[in-house]
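The values are calculated or read from the model by the stated rules, or taken from the named source; none is laboratory data. Bear in mind the structure is a predicted one, so any value in this text is a computation, not a measurement. A quick note on method: Cβ atoms are made from the backbone with ideal geometry, for glycine too, and the neighbour counts reach across all protein chains shown.
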Amino acid sequence: MSEEHLDLVIRGVAIYDGGGAEPSVGDVAIRGVRIAEVGAVARKGSREIEGRGLALAPGFIDVHSHDDFAVFTSPEMDFKVMQGVTTDVVGNCGLGVAPGAVGRAMFQGWTGAAQVPQWDDYAGYLEAFDREPASLNVAVLAGHGTLRAAAMGNECRPPAPHELDAMRRWLGDALDAGAVGLSTGLIYQPGCHANTEEIIELARELATRGGLYASHMRDEGAGLLDSIRETIRIGEEGGAPVQISHHKASGAENWGKVRESLALIEAARARGVDVTADQYPYTSGSTSLIAVVQNDALGEGRGGMGKVLPEGVLFASMPKHPEREGRRLKAMCDEWNVSGKEAAERIVNEEGVGAVVVVETMHEDDVRAVLRHPTTMIGSDGIAIGSRPHPRLYGTFPRVLGRYAREERLFSMAEGIRRMTSMAAEKFRLEDRGWIRPGYFADLVLFDPNKIADVGSYDSPRQYPCGIVSVIVNGRAVMSDGKHTGARPGRALRRG
Ligand SMILES: [Zn+2]
């Protein structure tokens, strides 16, 4: 292979470089796994793609995913790749894969006895991915809930010094192995048992090694503003950059609070705290039904989700009663003649954490206010299980660009792309990704900017988006002319 050799040249395409500038028409050449040239490329490539009328963007980075196991159980990752995602950040909401035995036990509540490689720690997880790569890249957050469960089970008390030391040591090992930070799920057991000081202690570990702190906050309902303050304080005192996960105001009685939560983010940034957020562009969330019950969302709504109505709870995955998937909790209330809370408790007793639901919790105006804000990047929060997963699993990124950029003009296409590429790569420190620049990895999405759109709905979520033509990961096509190629060129991305 001569120095001059080019594997692929995409010609005459509107290039969105990822930085938010308006596109310029030109050529992009790839050699091996990286971008070789951008602009007017004189030499011919071994392969050429005519890009006229199409747009080329850096591959989309899903900063909020739960595909820790899915990358092994469905390595083609069609639901992500077909929407242009080339990198998944896993390990969100406190739910991590190590220590291995505990991580596996926690995930198996969702996935059943899935066949996955064995690993003990984050180094082992990333090495397992190197050996059995998926179609996209993966970066990993250590999950506080898993660390805490391994150190002290589900105890509702502060950790003893040796328990905190164990968490600190495992987190340090994770960061040394290349994890990009620590996530918490303070609305879930066992994370909810941790006080602020415990998390600050762990955040100090992040500061010494350069990882970020991502949080599914303690309360996204009535206590949203206190939770934002707590999250920022943890980053500020611990010395770590902060990522607020799936920023929202949950429960009708709390709608409108995002104006103040966004103002708190702005104020913190003004005093120098590196705080940003991510969001999925829908008015429904999705989580385990057990968390809805534990947060009393079907009762008084005094927990962290606010109040939820039985008609607003749709069954996404019910491993023991798949015939219920697609039905609503209200139907069970009517069938059993019980309250929403009682019906949910009965289902949780049967199904455990495996019962996953889609829950109507947000207002469209709030979703737009958060999305429009320049500190918001994009994360799907998709959970790849059941017959009726939340449509965000398949449609998040095309929905931002189609519905919210092109149709609603919340921001330009270029700005929408920035939120899912360079902004994400910079915050999560994914080296040489997130831009179309010579020397950067060739993670690319070729799409029709007039057609890109999500297709799935709550009733029919497992549908690929439209308008995406080709997706390239590390120089290799994983999707070509609208079809998955079966290629699995993904890499384990290690921080620094
Ligand atoms: Zn979460």
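Taking each residue of segment 152-174 that is charged (D, E, K, R) and looking for partners that are crowded, with 19+ Cβ neighbours inside 10 Å with beta-carbon atoms closer than 6 Å, six or more apart or interchain, yields 163/151; 163/152; 168/205; 173/121.
Considering 185, 191, 211, 181, the condition of being within 23 Å of residue 89 (Cβ to Cβ) and away from the ligand (no atom under 16 Å from the Cβ) is satisfied by 211 alone. Identify, from the list 52, 47, the residue that is surrounded by fewer than 18 Cβ atoms within 10 Å (Cβ to Cβ) and touching a Leu at 6+ places or on another chain (Cβ under 9 Å). Unique residue meeting the criteria: 47.
Within segment 267-309, the residues that satisfy the criterion of being over 20 Å from residue 95 (Cα atoms), free of Cβ contacts under 8 Å to residues at least 60 places away in the same chain and not in a loop (DSSP other than H, G, I, E, B) are 267, 268, 270.
Scanning segment 316-357 for residues that are under 23 Å from residue 391 (Cα atoms), acidic (Asp, Glu) and in a helix (DSSP H, G or I) gives 323, 351. Taken over segment 370-403, residues that are in a helix (DSSP H, G or I) and either surrounded by 19 or more Cβ atoms within 10 Å (Cβ to Cβ) or within 16 Å of the ligand (Cβ to nearest atom) (or both) amount to 13. Taking residue 46, is it without any contact (Cβ under 8 Å) to a residue 12 or more places away in the chain, in the same structural domain as residue 477 (by TED's automatic domain parsing) and either away from the ligand (no atom under 16 Å from the Cβ) or polar (S, T, N, Q) (or both)? The answer is no for residue 46. For segment 405-420, the criterion of being in a helix (DSSP H, G or I), small (Gly, Ala, Ser) and without any contact (Cβ under 8 Å) to a residue 60 or more places away in the chain is met by at least one residue. Is segment 69-83 home to any residue that is touching a strand residue (DSSP E or B) at 6+ places or on another chain (Cβ under 6 Å), surrounded by 24 or more Cβ atoms within 10 Å (Cβ to Cβ) and of a type in the set (Asp, Glu)? No, segment 69-83 contains no residue that is touching a strand residue (DSSP E or B) at 6+ places or on another chain (Cβ under 6 Å), surrounded by 24 or more Cβ atoms within 10 Å (Cβ to Cβ) and of a type in the set (Asp, Glu). Taking first residues from segment 178-198 that are on the phi > 0 side of the Ramachandran plot and partners that are of a type in the set (Lys, Arg) and more than 15 Å from the ligand (Cβ to nearest atom), the Cβ contacts under 7 Å between residues at least 6 apart in sequence or on separate chains come to 178/494; 178/495. Scanning segment 436-479 for residues that are assigned to a loop (DSSP other than H, G, I, E, B), of a type in the set (A, V, I, L, M, F, W, C) and buried (at least 20 other Cβ atoms within 10 Å of the Cβ) returns 436, 442, 452. A residue that is under 20 Å from residue 380 (Cα atoms), within 13 Å of the ligand (Cβ to nearest atom) and either among the basic types (Lys, Arg) or out of contact with any His (no Cβ under 7 Å at 6 or more places or on another chain) (or both) occurs somewhere in segment 226-246.
Pairs please, first residue from segment 207-220 and more than 23 Å from residue 254 (Cα to Cα), second anywhere and within 12 Å of the ligand (Cβ to nearest atom), Cβ atoms under 6 Å, 6+ apart in sequence or on different chains. These pairs meet every condition: 212/243. Annotation note: Cβ proximity below 9 Å between a residue of segment 339-362 that is in the same structural domain as residue 306 (by TED's automatic domain parsing) and over 17 Å from residue 382 (Cβ atoms) and a residue that is acidic (Asp, Glu) and not in a helix (DSSP H, G or I) (sequence gap 6+ or interchain) occurs for 341/296. Condition check: more than 14 Å from the ligand (Cβ to nearest atom), among the hydrophobic types (A, V, I, L, M, F, W, C) and more than 21 Å from residue 376 (Cβ to Cβ). Does residue 265 satisfy that? No. Taken over segment 84-123, residues that are part of a helix (DSSP H, G or I) and either away from the ligand (no atom under 16 Å from the Cβ) or within 15 Å of residue 382 (Cα to Cα) (or both) amount to 12.
Does segment 110-148 hold any residues that are touching a strand residue (DSSP E or B) at 6+ places or on another chain (Cβ under 8 Å) and surrounded by fewer than 17 Cβ atoms within 10 Å (Cβ to Cβ), and which are they? The answer is 127, 130.
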